[in-house]
């Protein structure tokens, strides 16, 4: 031991290691190495980042040598020890205070489930928050990079470039992100990164009275977090989503980790609260008439949740299908020899209808943003892994083709129609089906993770495009009525077959099964069955002509609303 250093009583740091705070021998040097008083600090500045002060004897008794250890970027992880948690909600309160989280939303909270039958029951807790995924779907889905991953693995956010599209909320399989009602930007737990950056523990760690929450460097094998994760039985939430969370649960009951394992209370009356069913509200737990677990588990406390995308997204999928199909369907008829290249349906009705419904689609998308004035950031600072960005550029390119097509009609440049068809066909198809890939980025919405969705959206665009043009055909080109009616009937048949497969095939997960149940027998069953009935009328289009078109379009809109909303009605937390 260095004779010029003495030690105070042993202490324990953030990582669970016993250590003694060194100070220089007063008699030898006359100085003291004092720590900063007040807050608990951890070794992040000496272990993960390196550097420090070391006293070495070099001949003079009062000499100090400054040494620098190799820098190492930490990999932050958190352990939630549910064997210790007492459900006091101190972490929730501390988080709200530290991060100024407003009422009605929360970055972290404690969920409780009653397990067993009286008198053999117990209350199990689960602390719920962002899981700091290694492969974070919210980062991939964010169109502007407002959700981003730091070098130390923390998923953080930049509110100054958030457009409020809610794609990150839809993408998160853990329902950990929300729109702050005061600044209208997305936020979530970020491990109190502002505290970690200055060597302090997150607020929830500091305040927990039983030390059920601790954070540390997973790259440091001596840290408490690394020891627990590597040596103790721990689990993560929804590992099948392949997000590789860095929040680990020790001793958590499965009925708390699975968001639909516990039954929701009768009348939706939770402990200390009542949750409203309907609208964009998502009530936690599974409905009493639906069950995927044999466990005797009753959800007793949870916070309210909301679906990220409302009727505007349902309507947008419908208007976009019309815009895409209005151009593609006439081209198909031209290739089949049913109409000519100079047909008014193709030269006039197609581009005008396409541009009109694309404009409506754009208005709906912008109106759905909580920061509509920032929509331009999708184009000025695109984050290319986001299908919202890819879709924005696809729609813009498709709108350009339609505009040139209409200009060619005005100036009488017929050859341009054939040239524009080369990029127009793939762009119209991708403008319709890219939403399937956008929905697939929503990893928590299992019903949207379907390989049938892209072809289904292609079928829907033919249905929608032919129906709108069939309404216009009698006034524009009578000869196009019959071929358009046949295309409509074919599109309706394909749509009904796709819906039948979606509703009756075995679903890969319980979450997908519950979403289909909500669509066909639950909250959105009225929209679903009305949609099926109205769309079926489209099969009679070859007999009744244009009269079938508005009925089929109304049915498709009802189906779109049921499909989009039912997938979001499944609780994720």
**Asked** So is residue 106 in a loop (DSSP other than H, G, I, E, B) and within 19 Å of residue 132 (Cα to Cα) or not?
**Response** yes
**Complete:** Scanning region 201-230 for residues that are out of contact with any strand residue (DSSP E or B) (no Cβ under 6 Å at 6 or more places or on another chain) and assigned to a helix (DSSP H, G or I) gives 203, 206, 207, 226, 227, 230
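crowded, with 23+ Cβ neighbours inside 10 Å and not in a helix (DSSP H, G or I): is that true of residue 531 in this structure?
Numbers: crowded, with 23+ Cβ neighbours inside 10 Å: yes; not in a helix (DSSP H, G or I): no.
No: the conditions fail for residue 531.
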**Residue list for region 165-191, restricted to those being under 16 Å from the mean Cα position of the chain (by Cα), without any contact (Cβ under 8 Å) to a residue 60 or more places away in the chain and not in a helix (DSSP H, G or I)** = 177, 186
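Sort through 403, 409, 462 and tell me the only one that's in contact with a helix residue (DSSP H, G or I) (Cβ under 8 Å, 6 or more places away or on another chain) and surrounded by 22 or more Cβ atoms within 10 Å (Cβ to Cβ).
Details: 403 fails: surrounded by 22 or more Cβ atoms within 10 Å (Cβ to Cβ); 409 fails: surrounded by 22 or more Cβ atoms within 10 Å (Cβ to Cβ).
Of 403, 409, 462, the one residue that is in contact with a helix residue (DSSP H, G or I) (Cβ under 8 Å, 6 or more places away or on another chain) and surrounded by 22 or more Cβ atoms within 10 Å (Cβ to Cβ) is 462.
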**Asked** residue 376: out of contact with any helix residue (DSSP H, G or I) (no Cβ under 8 Å at 6 or more places or on another chain) and in the same structural domain as residue 354 (by TED's automatic domain parsing), yes or no?
**Response** yes
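Search region 290-308 for residues being touching a helix residue (DSSP H, G or I) at 6+ places or on another chain (Cβ under 6 Å) and at pLDDT 85 or above, and hand back the single one that is farthest from residue 115 (Cα to Cα).
First pass over region 290-308, keeping only residues touching a helix residue (DSSP H, G or I) at 6+ places or on another chain (Cβ under 6 Å): 290, 292, 295, 297, 308.
Checking the rest, the ones that are also at pLDDT 85 or above come to 297, 308.
Working: 297: 4, 308: 30 Å.
That would be 308.
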**Prompt:** Do we find a residue being part of a helix (DSSP H, G or I) and without any contact (Cβ under 8 Å) to a residue 12 or more places away in the chain anywhere in region 343-350?
**Reply:** no
**Request:** Would you mind finding the one in 423, 508, 483 that is within 22 Å of residue 538 (Cα to Cα) and touching a helix residue (DSSP H, G or I) at 6+ places or on another chain (Cβ under 8 Å)?
**Result:** 483
**Message:** Of everything in region 78-129, what is surrounded by fewer than 14 Cβ atoms within 10 Å (Cβ to Cβ) and more than 29 Å from residue 308 (Cα to Cα)? Give them in sequence order.
**Reply:** 83, 86, 117, 118, 119, 120, 121, 122
**Request:** Considering (1) part of a helix (DSSP H, G or I); (2) free of Cβ contacts under 8 Å to residues at least 60 places away in the same chain, say which one residue 329 fails and leave the rest.
**Result:** (2)
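Could you go through region 133-153 and let me know if any residue there is under 18 Å from residue 213 (Cβ atoms), crowded, with 24+ Cβ neighbours inside 10 Å and out of contact with any helix residue (DSSP H, G or I) (no Cβ under 6 Å at 6 or more places or on another chain). Talk me through it step by step, then tell me what you get.
Our first condition is that a residue be under 18 Å from residue 213 (Cβ atoms); within region 133-153, this holds for 153.
Still in the running and crowded, with 24+ Cβ neighbours inside 10 Å: none.
No.
Of everything in region 86-103 that's under 28 Å from the mean Cα position of the chain (by Cα) and part of a loop (DSSP other than H, G, I, E, B), which residue is modelled with the lowest pLDDT?
In the first step, residues of region 86-103 are kept if they are under 28 Å from the mean Cα position of the chain (by Cα); the result is 87, 89-103.
Narrowing further to those that are part of a loop (DSSP other than H, G, I, E, B): 87, 89, 100-103.
On the way: 87: 91, 89: 92, 100: 94, 101: 93, 102: 92, 103: 88.
Top of the filtered list is 103.
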**Complete:** For residue 252, the lone unmet condition from (1) in a helix (DSSP H, G or I); (2) out of contact with any helix residue (DSSP H, G or I) (no Cβ under 7 Å at 6 or more places or on another chain); (3) buried (at least 19 other Cβ atoms within 10 Å of the Cβ) is (1)
**Prompt:** Applying the selection to region 146-164, what residues are within 14 Å of the chain's Cα centre (by Cα) and part of a loop (DSSP other than H, G, I, E, B)?
**Reply:** 146, 164
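Would you say residue 348 is surrounded by 20 or more Cβ atoms within 10 Å (Cβ to Cβ), over 19 Å from residue 308 (Cα atoms) and assigned by TED's automatic domain parsing to the domain that holds residue 513? Full working, then the answer.
Numbers: surrounded by 20 or more Cβ atoms within 10 Å (Cβ to Cβ): no; over 19 Å from residue 308 (Cα atoms): yes; assigned by TED's automatic domain parsing to the domain that holds residue 513: yes.
Considered against the rule, which asks whether it is surrounded by 20 or more Cβ atoms within 10 Å (Cβ to Cβ), over 19 Å from residue 308 (Cα atoms) and assigned by TED's automatic domain parsing to the domain that holds residue 513, residue 348 comes out as no.
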**Fill in**
residue 100: passes all of (1) touching a residue at least 60 places away in the same chain (Cβ under 8 Å); (2) at positive phi but (1)
**Request:** State all residues of region 189-225 that are closer than 15 Å to residue 157 by Cα and crowded, with 23+ Cβ neighbours inside 10 Å; if no residue qualifies, say none.
**Result:** 189, 191
**Fill in**
Selection over region 377-416 where residues are part of a helix (DSSP H, G or I) and in contact (Cβ under 8 Å) with a residue 12 or more places away in the chain yields a count of 26
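Take the conditions surrounded by fewer than 22 Cβ atoms within 10 Å (Cβ to Cβ), free of Cβ contacts under 8 Å to residues at least 24 places away in the same chain, in the same structural domain as residue 320 (by TED's automatic domain parsing) and within 25 Å of the chain's Cα centre (by Cα) and apply them to residue 504. Does it pass? Spell out the reasoning first.
Details: surrounded by fewer than 22 Cβ atoms within 10 Å (Cβ to Cβ): yes; free of Cβ contacts under 8 Å to residues at least 24 places away in the same chain: yes; in the same structural domain as residue 320 (by TED's automatic domain parsing): yes; within 25 Å of the chain's Cα centre (by Cα): no.
Taking the combined requirement at face value, the residue does not satisfy it.
Please find, among 430, 419, the residue that is within 26 Å of the chain's Cα centre (by Cα), under 30 Å from residue 481 (Cβ atoms) and without any contact (Cβ under 8 Å) to a residue 40 or more places away in the chain.
Details: 419 fails: within 26 Å of the chain's Cα centre (by Cα).
After applying the criteria, what remains is 430.
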**Only one of 181, 233 that is in contact with a strand residue (DSSP E or B) (Cβ under 9 Å, 6 or more places away or on another chain), farther than 19 Å from residue 110 by Cα and surrounded by fewer than 23 Cβ atoms within 10 Å (Cβ to Cβ)** = 233
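The values are calculated or read from the model by the stated rules, or taken from the named source; none is laboratory data. Fair warning: this is a prediction, and the values are worked out from it, not measured in the lab. When we count neighbours, we look across all protein chains shown, and the Cβ atoms used for this are built from the backbone with ideal geometry, even at glycine.
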